[in-house]
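Asks: Would you mind keeping the following structure in view while I ask a few things?
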Amino acid sequence: MSLSESDLTAAIRREMPGVRADLERLVRIPGVAFEGFDHSHVERSAEAVAELLRGCGLETRIERHGGQPAVIGRKPAPPGAPTVLLYAHHDVQPAGDPALWASDPFEPVERDGRLYARGAADDKAGVMAHVAALRAFGDQLPVGVVVFVEGEEEYGSDSLDAIIQANLEDLRSDVIVIADSGNWDIGRPALTTSLRGLVNLFVEVRVLKSAVHSGMFGGAVPDALMALSRLLTTLHDEDGEVAIDGLIGREGASVDYPADRFRHEAGLLDGVELIGRGTITDRIWTKPSVSVLGIDAPRTLEAANALQATAKAKIGVRVAPGDDPKSVYAAVKSHLEKHAPWGAQVEVTLESDGDPCVIDATGPGFEAARAAFRSAWDGVEPVDMGVGGSIPFIATFQELFPGATILVTGVEDPHSAAHGPNESLHLGEFERVCVAEALLLKNVAEAVTE
């Protein structure tokens, strides 16, 4: 006998205390895959996820191919039923300066209906949404499932392609649910249908063989920091619009994003103007952006009265959907070399890149998801939204599994502060996410058998 919507909703509510307790256990593990961190915690995190999947009756193993451990759990489909791949990641961003947190980043604390901890939203709640849905069905799961929980998403997913290629047949599925995005607002669910790509690069400016006395040579000899500063200002025009020839952008995002809401959610200070042109959603979803992420320079407390010989910056480019990261890098490199001030020597090197994606959100899989969202959010119509950030491996899934429906969902809301201090999860919305995923699995099964 198949479970009804009311059965599944009731089952999720019964399971939520245990789901939350397991989520809190997961976030206490500081599994950071970045270099310089203790990777034994990533191993512990993978083992904890594997234990959770085995508890749901999945045949589970830990895989690694030159990077951090991923967890794969499988349960075959009933005869004639589809298979659904459920993706999340168990690694987290570094916590950063503990002084910026209101509580210990790796000790979950509830305040005003939100659970605060690093990874509480991104993405250990994504892991637990999958677990909650599986627990709600118990032995009556109507679809086959493959749960794929990566261990280095925050560090760039360097070994992801190798893991996928090594497990291609086990991961092959009809529907792929990527629980690593968010919803439009508290009380308004969303499917993510476009994401920007990413190009990170370094630009180094050289003007001298070595640093020289600023009094003896200043006024006639350029210093590298000033040259770098002038070079960086050429990346945008007076309105803050990207001023690099050859980058593609498009307009037409249909969701209204009021400026006052956007300013509040961004934490923009009073008097600071927005940059760029067009609607806010165009600027952050469908057009490129260029940001200066860091500069190597002497600290002000230690800076001598000397003209610096070299200066280096890290630049992050978000690639608009439809553009190609390789051509974007070539365009930015050409721009920086062309605009070198005062004959300074400029060297540009690529750090990493990732593809953007656009998802055609039509078909029975998407309708199954939207119906699940409407039920879980008491009739509220879900939004199709873009995301300015990047999940490059979605393009990999699109290439390797061209027949699969890819649903990008998530547990975050505009106040989650993922990657920042005081990351948090709205507990009421988290329960709705868990209900929606259980209903999605039910709807996908029924859509195939109709």
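Asks: Taking a 20 Å limit on the Cα-Cα distance, which of the listed pairs Lys124/Lys287; Lys209/Lys333; Lys75/Lys442 fall beyond it?
Replies: Table pairs above 20 Å Cα-Cα are Lys124/Lys287; Lys209/Lys333.
Asks: Something else now. So if the hydrodynamic radius of segment 327-428 is defined as the Kirkwood radius over C-alpha pairs, what does Stokes-Einstein give as its diffusion coefficient at 10 °C and 1.306 mPa s, in µm² per second?
Replies: 89
Asks: Same structure again: Which semi-axis lengths, in whole Å and largest first, follow from the square roots of five times the eigenvalues of the Cα gyration tensor of segment 86-237?
Replies: One finds semi-axes of 46, 22, 16 Å for segment 86-237.
Asks: For the chain, what does -39500 (n - 2.57) per DSSP helix run (n ≥ 4), summed and divided by total residues, give at 222 nm, in deg cm²/dmol to the nearest 500?
Replies: Helices in the chain give a 222 nm mean residue ellipticity of -10000 deg cm²/dmol.
Asks: Moving on. Applying a 10 Å radius around every beta-carbon, put 329-339, 268-278 in order of their mean neighbour count, most first.
Replies: Averaged packing, sorted descending, gives the order 329-339, 268-278.
Asks: Now for a different question. What is the antiparallel percent of DSSP beta bridges lying wholly in segment 1-153, to the nearest 5?
Replies: 65
Asks: Still on this structure: Percent of Cα-Cα pairs per 20 Å bin, from 0 to the last occupied bin, for the chain, please list those.
Replies: 24, 53, 20, 3, 0
Asks: Measure nothing fancy, just the Cα-based angle from helix 364-376's long axis to the longest principal axis of the chain, in degrees from 0 to 90, nearest 10.
Replies: 80
Asks: Moving on to the next point. Can you pull the semi-axes for segment 158-260, root of five times each eigenvalue of the Cα gyration tensor, sorted largest first, whole Å?
Replies: So the three semi-axes of segment 158-260 are 45, 25, 13 Å.
Asks: Quick one: of the DSSP bridges fully inside the chain, what percent are antiparallel, nearest 5?
Replies: 65
Asks: Above 19 Å lies some portion of the pair distances; for segment 201-351, what is it as a whole percent of all C-alpha pairs?
Replies: Considering segment 201-351, 60 percent of its Cα-Cα pairs are separated by more than 19 Å.
Asks: Arranged from highest to lowest average of other beta-carbon atoms within 10 Å per residue, in what order do the peptides 39-45, 367-373 appear?
Replies: Per-residue mean Cβ counts within 10 Å order the peptides as 367-373, 39-45.
Asks: Based on the Cα atoms of segment 1-159, what semi-axes does the equivalent ellipsoid have, where each is the square root of 5 times one gyration tensor eigenvalue, given in whole Å with the largest first?
Replies: Those come to 28, 21, 10 Å.
Asks: Show me 67-75, 14-22, 300-308 ranked by packing, highest mean number of other Cβ atoms within 10 Å first.
Replies: Answer by packing, highest mean first, reads 67-75, 14-22, 300-308.
Asks: Quick one: helix 427-449 against the long Cα principal axis of the chain, what's the angle to the nearest 10°, folded into 0 to 90?
Replies: Taking Cα atoms only, the helix is inclined about 60 degrees.
Asks: If you don't mind, there's one more thing I want to ask. Calculate how large, on average over all directions, the projected area of the Cα convex hull of segment 94-152 is; give the answer in nm² to one decimal.
Replies: About 5.5 nm², averaged over all directions.
Asks: So what's the angle, to the nearest 10 degrees on a 0 to 90 scale, between helix 40-55 and the longest Cα principal axis of the chain?
Replies: Orientation of helix 40-55: about 20 degrees from the principal axis.
Asks: Would you mind giving the average projected area, over all directions, of the Cα convex hull of segment 208-266 in nm² with one decimal?
Replies: So the Cα hull casts an average projection of 8.0 nm².
Asks: When 1/r is averaged over all different Cα pairs and the result inverted, which Kirkwood radius in Å belongs to segment 10-104?
Replies: Its Kirkwood hydrodynamic radius stands at 15.5 Å.
Read-outs: derived from the displayed coordinates by stated rules, not from any lab. Predicted, not measured: the structure shown is a model, and the values here were computed from it. All Cβ positions, even for glycine, are placed from backbone atoms using ideal geometry, and neighbour counts span all protein chains on display.
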